[in-house]
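Asker: Okay, handing you the structure first.
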Amino acid sequence: MTTPPTSGRNDGWEMDQLHRDEITVAMNWVIRTCQQIVRDRSHKTFWAPAGTTDGTPSPEQLMQTARTDVLDKLQRIIDGAQFVMHQVEHERAKRKQ
């Protein structure tokens, strides 16, 4: 953790630290979600679709499983992280005005 400047003025250090923390938390969720997907859905170096007992799933089955197991889950987390970034940018722009 960084320490605030030693000068008598804060100069926005606390807000900067809050923004760093918010961004870090958002990005940690993205990374953790990726790790969870790898842990739950990978076999060696390959993605292993959930619920496929048959050795040769159809392309439709693969697409649906890819969406539910990986893409949709990641998209929700990425959208949340993007929202945090947008909010930080908005707050910082307001502060500069």
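Asker: Rank these by accessible area, largest first, 1.4 Å probe: Asp79, Asp69.
Answerer: Values: Asp79 80, Asp69 20 Å².
Ranked from most to least accessible, the order is Asp79, Asp69.
Asker: Here's a follow-up. Just the number, please: carbon plus sulfur as a percent of the accessible area of region 13-97, 1.4 Å probe, no ligands or DNA/RNA counted.
Answerer: C and S fraction of accessible area: 57 percent.
Asker: Percent of Cα-Cα pairs per 10 Å bin, from 0 to the last occupied bin, for region 17-97, please list those.
Answerer: 17, 36, 23, 15, 8, 2, 0
Asker: Just to verify a number: what accessible area does Thr45 come out at with the full protein assembly present, 1.4 Å probe, Å² rounded to tens?
Answerer: So the heavy atoms of Thr45 present about 120 Å² to solvent.
Asker: Apply the Karplus parameterisation 6.51 cos²θ - 1.76 cosθ + 1.60, with θ equal to phi minus 60°, to every residue of region 72-88 and state each ³J(HN,Hα) to the nearest whole Hz, in sequence, with x for glycine and proline.
Answerer: 5, 4, 5, 4, 4, 5, 5, 4, x, 5, 4, 4, 4, 4, 4, 5, 4
Asker: Right, here's the next one. Heavy-atom accessible area per residue, region 27-97, 1.4 Å probe: how many Å²?
Answerer: Here the residues of region 27-97 average 80 Å² of exposed surface.
The values are calculated or read from the model by the stated rules, or taken from the named source; none is laboratory data. Predicted model, so just to flag it, every value in this text is computed and none were measured. With ligands, DNA and RNA removed, areas are computed over all heavy atoms of the protein, side chains included. Shrake-Rupley method; radii C 1.70, N 1.55, O 1.52, S 1.80 Å.
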